[in-house]
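Student: Just dropping this structure here.
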Amino acid sequence: MIVCKFGGTSMANAETIGLVKQIISLDADRRYIVVSAPGRRNPADSKVTDMLISLKNDFDNGRDVSKGIDALCARFQDIAQKFGIDFDASCEFEKIYRALTLGASDDYVKSRGEYLSAKLLSKILGVPFVDAADLVKFGTDGVDYETTLANIANALKAFDRAVLPGFYGSDKDGQIVTFSRGGSDVSGALVAAAVKADVYENWTDVDGVFSADPRKDDTARLIDRLTYEDMYNLALSGANVLHKDAVYPAERAGVPINIKNTFNRYAAGTWIMKE
């Protein structure tokens, strides 16, 4: 069994989501899919999460948010139209606007990118959508691992395949709580640990973990294998390939992590494991 997480660049538009769909279809063992909000489509573009944060800031400061809502709605509606699926983005953003008028939290608003990204992909793939808000539970000191893993395992027993949003869960009162940025990596690791996956594939836009930033250093080499501890220390030092908090759930459950590139899907990537 394989759990996959696809990052924002992979979910940026219909073309990249087409690659995601192909990757999932290549292996029937890829059963549970966790997704980020759509990222930048080009260097001048904005990430959907940043757009949602700006929307909330504008609303709180009494500024007109209609253009922001229209721009966000267009991002999702464009993807839906290109896949020919029935998805009413305007209805979804009416719900978000109503939530804003009722005092929605920052975390609720910025989580909607992952929520809508997962709902879209579930329709594209024709598999169930399972909301992370009902599964990932936060306590006063962060994620309640035991409750979260039990919730995920119990919920996914009912589904042979499913799509889940990353990045958020909820507290004891049911209010949305988000991880720090890049937290969909953690969501994917929690799902992989809960279902005792054989592999947790983390799909991004680079071939794996390099000895240096390959965009800045021509001598950077791909590292084919790392220990969990190595990966945690690299992430803690600023390597942005994997969220540092994604290491613990996978290590605890003994699930190997494979960092792979959506845009170079046959590359072996970097494996992260105990030894």
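Student: Out of the residues in the stretch 6-26 that are open to solvent by less than 50 Å² (accessible area, probe 1.4 Å) and of a type outside the set (A, V, I, L, M, F, W, C), which is nearest to Ala193 (Cα to Cα)?
Tutor: Gly7
Student: From the list Gly188, Gly208, Gly183, which one is farther than 30 Å from Ser105 by Cβ and touching a Gly at 6+ places or on another chain (Cβ under 7 Å)? Write out each step before concluding.
Tutor: Details: Gly188 fails: farther than 30 Å from Ser105 by Cβ; Gly183 fails: farther than 30 Å from Ser105 by Cβ.
Selected residue: Gly208, the only one of Gly188, Gly208, Gly183 that is farther than 30 Å from Ser105 by Cβ and touching a Gly at 6+ places or on another chain (Cβ under 7 Å).
Student: Quick one: in the stretch 143-170, of everything that is in contact (Cβ under 8 Å) with a residue 24 or more places away in the chain and part of a loop (DSSP other than H, G, I, E, B), which residue is farthest from Ile24 (Cα to Cα)?
Tutor: The residue in question is Phe167.
Student: Looking at Asp58, Asp50 in this structure, which one is without any contact (Cβ under 8 Å) to a residue 12 or more places away in the chain, within 30 Å of Val247 (Cβ to Cβ), open to solvent by 30 Å² or more (accessible area, probe 1.4 Å) and part of a helix (DSSP H, G or I)? Break it down into steps so the answer makes sense when it comes.
Tutor: Numbers: Asp58 fails: within 30 Å of Val247 (Cβ to Cβ).
Being without any contact (Cβ under 8 Å) to a residue 12 or more places away in the chain, within 30 Å of Val247 (Cβ to Cβ), open to solvent by 30 Å² or more (accessible area, probe 1.4 Å) and part of a helix (DSSP H, G or I) holds for just one of Asp58, Asp50, which is Asp50.
Student: Can you tell me which residue within the stretch 86-119, out of those that are outside any helix (DSSP H, G or I), hydrophobic (A, V, I, L, M, F, W, C) and modelled with pLDDT of 95 or more, is farthest from Gly8 (Cα to Cα)? Don't jump to the end; show me each part of the working.
Tutor: In the first step, residues of the stretch 86-119 are kept if they are outside any helix (DSSP H, G or I); the result is 86-88, 102-105.
Narrowing further to those that are hydrophobic (A, V, I, L, M, F, W, C): 87, 102, 104.
If we keep only those that are modelled with pLDDT of 95 or more as well, we get 102, 104.
Numbers: Leu102: 29, Ala104: 24 Å.
Among those residues, the one meeting the criterion is Leu102.
Student: For Val186, which of the numbered conditions (1) touching a residue at least 40 places away in the same chain (Cβ under 8 Å); (2) of a type in the set (Val, Ile, Thr); (3) out of contact with any helix residue (DSSP H, G or I) (no Cβ under 6 Å at 6 or more places or on another chain) fails to hold?
Tutor: The number of the failed condition is (3).
Student: Going residue by residue through the stretch 62-76, is there one that turns out to be open to solvent by 50 Å² or more (accessible area, probe 1.4 Å), closer than 20 Å to Gly182 by Cα and without any contact (Cβ under 8 Å) to a residue 40 or more places away in the chain?
Tutor: no
Student: Those residues that are in contact with a helix residue (DSSP H, G or I) (Cβ under 6 Å, 6 or more places away or on another chain) and open to solvent by less than 40 Å² (accessible area, probe 1.4 Å), I need them from the stretch 102-119; list them, please.
Tutor: Within the stretch 102-119, Val109, Arg112, Gly113, Leu116 qualify.
Student: So, of the residues in the stretch 240-268 that are more than 16 Å from the chain's Cα centre (by Cα) and over 26 Å from Asp144 (Cα atoms), which turns out to be most open to solvent (accessible area, probe 1.4 Å)?
Tutor: Checked the stretch 240-268; the qualifying residue most open to solvent (accessible area, probe 1.4 Å) is Tyr266.
Student: Further, regarding this structure: Somewhere in the stretch 175-187, is a residue more than 25 Å from Gly142 (Cβ to Cβ), modelled with pLDDT of 95 or more, in contact with a Phe, Trp or Tyr (Cβ under 9 Å, 6 or more places away or on another chain) and not small (Gly, Ala, Ser)? Spell out the reasoning first.
Tutor: We begin by selecting, within the stretch 175-187, every residue more than 25 Å from Gly142 (Cβ to Cβ); these are none.
Among the residues of the stretch 175-187, not one is more than 25 Å from Gly142 (Cβ to Cβ), modelled with pLDDT of 95 or more, in contact with a Phe, Trp or Tyr (Cβ under 9 Å, 6 or more places away or on another chain) and not small (Gly, Ala, Ser), which makes the answer no.
Student: Can I ask one more? Taking Ser170 as the residue in question, decide whether it is crowded, with 17+ Cβ neighbours inside 10 Å, small (Gly, Ala, Ser) and closer than 30 Å to Asp106 by Cα. Full working, then the answer.
Tutor: Details: crowded, with 17+ Cβ neighbours inside 10 Å: yes; small (Gly, Ala, Ser): yes; closer than 30 Å to Asp106 by Cα: yes.
Yes, satisfied.
The values are calculated or read from the model by the stated rules, or taken from the named source; none is laboratory data. Keep in mind that what you see is a predicted model, and the values were worked out from it rather than measured. Virtual Cβ from ideal backbone geometry, glycine too; neighbours counted across all protein chains shown. Ligands, DNA and RNA are excluded from the accessible area calculation, which covers all protein heavy atoms including side chains. Shrake-Rupley method; radii C 1.70, N 1.55, O 1.52, S 1.80 Å.
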